[in-house]
Amino acid sequence: MADTQLNHIINKVENEKKIFANKSAFDTSNPPSKIISRVNEVGKIVGYILDYKQQQVVPLVSIYGRSGTGKSTLLKYVCDYIPEVKLCFTNLRKAKTVFGTINLILNQLDQPSLTSAQGMNLGLEKIRETILNTMKSKNKKLFVLALDEFDVIFYDKRGNPSDFVYKLVEMVAELKEKCCLAMIFTISNNILSDYDLDDRVRSRIGNSEIFFKPYTQEETLKILQQRSEEAFGKKIDDKVLKECARFSYLEHGDARRAVDLLRVSAEIAAKENKEISVEHIKSASKQLQKDRLGEVISSLSYHSKVITLVLAVKTYGLDDEWHTTKSIFDSYPKYLDAEPVGYRRFSELLNDLENSGLLVSKTGSKGHKGYKSEYSLVVDPEIVGELIDKEWWNENVVKPKANFDEADSLGVTSGPLFDLYKQVKKHRQSQW
Ligand SMILES: Nc1ncnc2c1ncn2[C@@H]1O[C@H](COP(=O)(O)OP(=O)(O)O)[C@@H](O)[C@H]1O
Ligand SMILES: [Mg+2]
């Protein structure tokens, strides 16, 4: 590469970056400079924490709600603000296992890790000892142990997450006997009763819960306004931010993804050397959906991939959103390069796909064998088709559908076009 060419690239990239006065304002791993709304939720967190003044805190509070609703940010914000609180914040995604969590807590408290041979009980003892020492030396009134992404340890099939939670709660009780107040906040996507905790633990942890609702359009707009002023160093067209908030509200109510959407839109605008516009939000939304979907789809098994493709074909080709288990099952062998799975297994796979967030189901009309389940893709079928096999999708779905739609719109009832119409219609019905 010649120097002039490199120079050209450097200039171009520099120019693209000029749109941002401070791009780190779009980095969602940084805490926001200002918290928007969430007065109720903050009130509840504060309520549980300030019980320390009566020496009577509950041992465990569960914060739950969908991702990007401000759970981690707000708990940190409140705990950091109240000087009497010592916060130990851990993200269990980094730990993965029960024993990993013990080490994570120890490391957060400036202690070395243990080896798994030393066992969970010794680990818990070390944690308790460290908390006692820390609280004595720091002159704090309440120790808060935050277990963020709490869901993760329930995938640890070798450890015993339920027992671990029980022992943590026991530890909190023992600390109290030593006049050291402590409490645990778990943060998860779902309500705790969805997780595999045994009754002994359930009765012990009680039901102190705080639910975080997805953000409304207005709340998302405020979060975006504040971030964008910092990032661009100037006010940008409110129409653009409103569109971004609307997209986010309709799709997820997730503040993190809303900020990402604005950032990617700005990057696309910068590449085109234009002011950010509503069109850029649309392209960015497509881009982000594609990225996310690509990750999900590439992790699917072969059969699940084919089932997803069948639904994409039916949804797109037939302009029909809902499809019964049987109709999907009947079509699926046509797309398969292997032995089909049985009906029961097929239903399980549909269920797994629903859990992965690609589909939703509803109980449809009553057939002669009882109520039928129907499924619908929640993502754009075109994006699914293109991700799985773009060439195949264009040849076998997009083109025939265009033919059909064209013939249909002509409303022909005779002549050579009518033959084409009949042919495509037949294809559409038999194929899809
Ligand atoms: N009320 C809020 N005000 C300002 N920024 C927020 C607010 N809620 C969330 N955010 C921002 O959105 C992103 C996601 O929030 P986070 O607390 O990580 O959500 P959760 O833990 O529920 O997944 C973070 O970058 C955070 O700064
Ligand atoms: Mg979080």
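For the reader, a short list of remarks on this structure follows.
- When region 225-242 is filtered for residues that are touching a Lys or Arg at 6+ places or on another chain (Cβ under 9 Å), crowded, with 22+ Cβ neighbours inside 10 Å and more than 13 Å from ASN22 (Cβ to Cβ), nothing remains.
- Matching option when the condition is of a type in the set (A, V, I, L, M), part of a helix (DSSP H, G or I) and loosely packed, with under 15 Cβ neighbours inside 10 Å, among ALA402, ALA338: ALA402
- Residue check, LYS94 in contact with a helix residue (DSSP H, G or I) (Cβ under 8 Å, 6 or more places away or on another chain), among the basic types (Lys, Arg) and within 16 Å of ligand 1 (Cβ to nearest atom): yes
- Subset of region 41-63 (residues that are of a type outside the set (A, V, I, L, M) and within 16 Å of ligand 2 (Cβ to nearest atom)): GLU41, SER62
- From VAL360, VAL412, residue being surrounded by fewer than 16 Cβ atoms within 10 Å (Cβ to Cβ), touching a helix residue (DSSP H, G or I) at 6+ places or on another chain (Cβ under 7 Å), modelled with pLDDT under 90 and not in a helix (DSSP H, G or I): VAL412
- Selected residue [within 14 Å of ligand 2 (Cβ to nearest atom) and either assigned by TED's automatic domain parsing to the domain that holds ARG202 or free of Cβ contacts under 8 Å to residues at least 60 places away in the same chain (or both)] from ARG38, ARG66: ARG66
- From THR90, THR134, residue being within 16 Å of ligand 2 (Cβ to nearest atom), without any contact (Cβ under 8 Å) to a residue 60 or more places away in the chain and touching a strand residue (DSSP E or B) at 6+ places or on another chain (Cβ under 9 Å): THR90
- Among the conditions (1) under 22 Å from the mean Cα position of the chain (by Cα); (2) surrounded by 19 or more Cβ atoms within 10 Å (Cβ to Cβ); (3) in a helix (DSSP H, G or I), GLY253 misses just one, which is (3).
- If only residues of region 205-224 that are among the polar types (S, T, N, Q) and under 19 Å from the mean Cα position of the chain (by Cα) are counted, the one that is surrounded by the most Cβ atoms within 10 Å (Cβ to Cβ) is THR220.
- Candidate set from region 47-75 (those that are of a type in the set (D, E, K, R) and more than 8 Å from ligand 1 (Cβ to nearest atom)); member that is surrounded by the most Cβ atoms within 10 Å (Cβ to Cβ): ASP51
- Annotation note: of SER304, SER327, SER285, SER331, the sole residue that is part of a helix (DSSP H, G or I), polar (S, T, N, Q), out of contact with any strand residue (DSSP E or B) (no Cβ under 6 Å at 6 or more places or on another chain) and within 30 Å of ASN22 (Cβ to Cβ) is SER285.
- Leading residue by the ranking (farthest from the chain's Cα centre (by Cα)) among those in region 146-172 that are within 16 Å of ligand 2 (Cβ to nearest atom) and not β-branched (Val, Ile, Thr): ALA146
The values are calculated or read from the model by the stated rules, or taken from the named source; none is laboratory data. Since the structure is predicted, the reported quantities are computational estimates derived from the model, not experimental observations. Neighbour counts run over all protein chains shown; Cβ positions are idealised from the backbone, glycine included.
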